[in-house]
C-alpha cells in the first residue's frame, strides 16, 4: 500500500475543549493531513489569524466566555473582511450547540461551508479537514 504524502496545509481549530483540540490535531498529523494549529479562545485565534495564513478553519462560535451573548461570528468577519493573513475565501466550518434559521442565514452570508452541531465525534472534524485538503488540491 503506497504511503500517503504529507500535506503542507495549515489549518486552524478554534475550540475551548482541550481534549478535543489535541485529539483532532494529533490525528490529523498522524494521517499526514497537514498541521492543525490549536486555539483555545477567540483572542488566541484572532492573533494567530493576523500572524499566519491558514488554508482552512473550524471555529467554535458559541460564546463560552459569556453564553448570554449567543454566537460569536467575529473571527469569520475578520477573515472575510480581509483582516487576516489568510485568503478571504478560505474554507471555514463552524461548530455550535444549536443552529437557528437566523444563524444559518448569517453563516451563509459569510460563505461558511459546513455547520457541525455539538455533540459530535472527533472523526467529523478530521473529515472536515480532509475536505479542505481535497478542495485545496483541486484549485
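The values are calculated or read from the model by the stated rules, or taken from the named source; none is laboratory data. All figures in this text were calculated on a predicted structure; none of them were measured in a lab. Don't worry about glycine lacking a Cβ; one is built from the backbone with ideal geometry, like all the others, and counts go over all protein chains shown.
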request  = Quick one: which residue in 43, 53 is more than 14 Å from the chain's Cα centre (by Cα) and not in a strand (DSSP E or B)?
outcome  = 43
remark   = Note: among 117, 103, just one is modelled with pLDDT under 95, buried (at least 18 other Cβ atoms within 10 Å of the Cβ) and farther than 23 Å from residue 10 by Cα, namely 103
ask   = Residues of the range 83-119 being free of Cβ contacts under 8 Å to residues at least 60 places away in the same chain and part of a strand (DSSP E or B), which ones?
value = 92, 93, 94, 96, 114, 115, 116, 117
ask   = Just wondering, is there one or more residues in the range 13-32 that are in contact with a helix residue (DSSP H, G or I) (Cβ under 6 Å, 6 or more places away or on another chain), modelled with pLDDT under 90 and part of a loop (DSSP other than H, G, I, E, B)?
value = no
